[in-house]
Amino acid sequence: MADYVLAIDQGTTSSRAIVFDHSGRIVSSGQLEHEQIFPKAGWVEHNAEQIWTNVREVVGLALTRGNLAHTDLAAIGITNQRETAVVWDKNTGKPVYNAIVWQDTRTQAIVDELGGSEGAEKYKSIVGLPLATYFSGPKVKWILDNVEGAREAAERGDLLFGNTDTWVLWNMTGGPEGGVHVTDVTNASRTMLMDLDTLSWREDIAADMGIPMSMLPEIRSSSEVYGQGRVRGLVPGVPIAGILGDQQAATFGQACFEVGTAKNTYGTGNFMLLNTGTEKVPSKNGLLTTVCYKIGDAPQVYALEGSIAVTGSLIQWLRDNLGMFEDAPDVEWLARKVEDNGGAYFVPAFSGLFAPYWRPDARGALVGLTRYVNRNHIARAALEAVAYQTREVVDAMKLDSGVQLTELKVDGGMVQNELLMQFQADQLGVDVVRPKVAETTALGAAYAAGIAVGFWKGEEDVTANWAEDKRWSPAMAEDERERLYRSWKKAVSKTFDWVDADVL
Ligand code: ADP
């Protein structure tokens, strides 16, 4: 009997494999970090072959630790860091360049040129996104423009593109020997190349970016059988039956199925998604319109998304670049040594600012410094920055959708940080709620796959399995809450207009 579903979570900092049982509980898991490659200021790359090797290893770890065989698996779901672009040769299976990661800003000149006189809004009514370095399409153009021989190979039909979902699926299903070249609607909606209404590729936009249509994967729903594990792999014959971009997967795993329900994930960056149902809501306040999920033949569900580039990675930066502590969770211990931020505000505009500003010209700033400020205040300012940025996104969602949030479901690595969670509730003025299974991203992908093969009946099983772990309620006085936020806004204004043609 196949009693379990396996989820592969190919994230920005690591790849995870998690086995879930029918009640949505974790049975076993494996996790491996991969190298973050920073060749120049603003450039961020991953080695796609290392990612694939790690995925295989973590699947092996999860099965071994659970004492399971592939025959115990009813299905496999994939979730992934979105927008990170891989281009590879379909004959050899070799990537032609490192994966260009979503945070990478090297495509700014390409983006400016594509926008021309129409600017960032050029494709927004079709794809739901402003033209920005964040999305996959311009990254593919960069690879074709800059890697020797790549454009010719692409035009011959030898090269394939995919976000890491597609890269992992293609390899799992056989690679050069019959690998399936498919993506799902949520990943496709992050390329700038998909029409949000028809859910098909826009040949005109692909042509503007010089991307041959033969490179693009087939777009499918988020929950259906795409293929089976290859014969010589670890999971031969097991149906791979769900794909959701990581943030959409977390929304699914958090059971945000009603219009107006939202979740916020605190990982490398922060991503808040608000379910807007089968209606596509255009944003006037710096949010993205994106596909939330599509289950088989059912109509697609859309979301408004607030994407914040730097939150958990600011904690990594304090750890790795400043050597302030050994492990990310230690930031809380430092921050608790002081009562407040001491007047310091840290705006982590390391990749410019994403939602709601979309200011590529911004760069990070630590402001409000006096002789009084010490490292503990800076640790606190870093955690507070995560909460202020989230509040900005919540404000934008209210303006765009008219929905007044009544509570916020949270997940991701940073939600173990109790100081941050309390401060978040204080800043938002609503309860912050953490579920029992914090691995909602992997869980969402598992559900999408399990639903496709009948292991779970549908969304109602997801809702029934969701359980609350902990809740934080606002406790800060209104005038203090507003005073802090006003200073934050002032701090943000100090980061604008930093980048010039000769200053990166
Ligand atoms: P991703 O899926 O984007 O790779 P995760 O959800 O695993 O990220 O979260 C990891 C991030 O959370 C890292 O950037 C790390 O710095 C941060 N982090 C993890 N634990 C804590 C903590 N207790 N306090 C603050 N930040 C944390």
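For segment 431-467, which positions are in contact with a Pro (Cβ under 7 Å, 6 or more places away or on another chain), aliphatic (A, V, I, L, M) and closer than 17 Å to LYS263 by Cα?
Of everything in segment 431-467, just one residue is in contact with a Pro (Cβ under 7 Å, 6 or more places away or on another chain), aliphatic (A, V, I, L, M) and closer than 17 Å to LYS263 by Cα, namely ALA467.
Six or more apart or on different chains, Cβ under 8 Å: which pairs go from a residue in segment 388-409 that's of a type in the set (A, V, I, L, M) to one that's assigned to a helix (DSSP H, G or I) and crowded, with 17+ Cβ neighbours inside 10 Å? Could you list them?
From residues that are of a type in the set (A, V, I, L, M), the pairs are VAL394/LEU428; VAL403/MET397; LEU405/VAL394; LEU405/MET397; LEU405/LEU428; LEU408/VAL394; LEU408/GLN424; LEU408/LEU428.
Check PHE325 against each of (1) away from the ligand (no atom under 12 Å from the Cβ); (2) at pLDDT 95 or above; (3) not polar (S, T, N, Q) and name the one condition it does not meet.
Condition not satisfied by PHE325: (1).
Could you please find all residues in segment 1-48 being within 12 Å of the ligand (Cβ to nearest atom), closer than 14 Å to GLU439 by Cα and acidic (Asp, Glu)?
Listed by number, the list holds a single entry, ASP9.
Determine which single condition ALA379 fails, assuming it passes every other condition in (1) within 16 Å of the ligand (Cβ to nearest atom); (2) part of a helix (DSSP H, G or I); (3) in contact with a strand residue (DSSP E or B) (Cβ under 9 Å, 6 or more places away or on another chain).
All conditions pass for ALA379, except number (3).
If we scan segment 33-45, do we find a residue that is touching a Pro at 6+ places or on another chain (Cβ under 7 Å) and closer than 20 Å to ASP246 by Cβ?
Yes, some residue in segment 33-45 is touching a Pro at 6+ places or on another chain (Cβ under 7 Å) and closer than 20 Å to ASP246 by Cβ.
Which one of these is surrounded by 15 or more Cβ atoms within 10 Å (Cβ to Cβ), more than 16 Å from the ligand (Cβ to nearest atom) and part of a loop (DSSP other than H, G, I, E, B): TYR357, TYR372, TYR302?
TYR357
Each row is one residue, and each column tells you yes or no for (1) outside any loop (DSSP other than H, G, I, E, B); (2) within 16 Å of the ligand (Cβ to nearest atom); (3) within 19 Å of the chain's Cα centre (by Cα).
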{"site": "CYS256", "(1), (2), (3)": "no, no, yes"}
{"site": "GLY260", "(1), (2), (3)": "no, no, no"}
{"site": "LYS280", "(1), (2), (3)": "no, no, no"}
{"site": "LYS284", "(1), (2), (3)": "no, no, no"}
{"site": "THR289", "(1), (2), (3)": "yes, no, yes"}
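Being of a type in the set (D, E, K, R) and either in contact (Cβ under 8 Å) with a residue 12 or more places away in the chain or in contact with a His (Cβ under 6 Å, 6 or more places away or on another chain) (or both) is the filter; apply it to segment 200-235 and report the residue that is surrounded by the most Cβ atoms within 10 Å (Cβ to Cβ).
Taking segment 200-235 first, the residues of a type in the set (D, E, K, R) are 202-204, 208, 218, 220, 224, 230, 232.
Add one more test, that the residue is either in contact (Cβ under 8 Å) with a residue 12 or more places away in the chain or in contact with a His (Cβ under 6 Å, 6 or more places away or on another chain) (or both), and what stays is 202, 208, 218, 220, 224, 230.
Numbers: ARG202: 18, ASP208: 18, GLU218: 12, ARG220: 19, GLU224: 21, ARG230: 18.
Among residues in segment 200-235 that are of a type in the set (D, E, K, R) and either in contact (Cβ under 8 Å) with a residue 12 or more places away in the chain or in contact with a His (Cβ under 6 Å, 6 or more places away or on another chain) (or both), the one surrounded by the most Cβ atoms within 10 Å (Cβ to Cβ) is GLU224.
Taking into account only those residues within segment 100-130 that are of a type in the set (A, V, I, L, M) and in a helix (DSSP H, G or I), which is surrounded by the fewest Cβ atoms within 10 Å (Cβ to Cβ)? Step through it out loud before you land on a result.
Looking only at segment 100-130, we keep the residues that are of a type in the set (A, V, I, L, M), and these are 100-101, 109-111, 114, 120, 126-127, 129.
Now drop any that are not in a helix (DSSP H, G or I), which leaves 109-111, 114, 120, 126-127.
On the way: ALA109: 12, ILE110: 19, VAL111: 23, LEU114: 21, ALA120: 16, ILE126: 17, VAL127: 25.
Once the filter is applied, the top-ranked residue is ALA109.
Can you confirm whether segment 417-431 contains a residue that is surrounded by 17 or more Cβ atoms within 10 Å (Cβ to Cβ), in a strand (DSSP E or B) and out of contact with any Phe, Trp or Tyr (no Cβ under 6 Å at 6 or more places or on another chain)?
Within segment 417-431 (the criterion being surrounded by 17 or more Cβ atoms within 10 Å (Cβ to Cβ), in a strand (DSSP E or B) and out of contact with any Phe, Trp or Tyr (no Cβ under 6 Å at 6 or more places or on another chain)), the answer is no, since none of the residues qualifies.
The values are calculated or read from the model by the stated rules, or taken from the named source; none is laboratory data. Keep in mind that what you see is a predicted model, and the values were worked out from it rather than measured. Don't worry about glycine lacking a Cβ; one is built from the backbone with ideal geometry, like all the others, and counts go over all protein chains shown.
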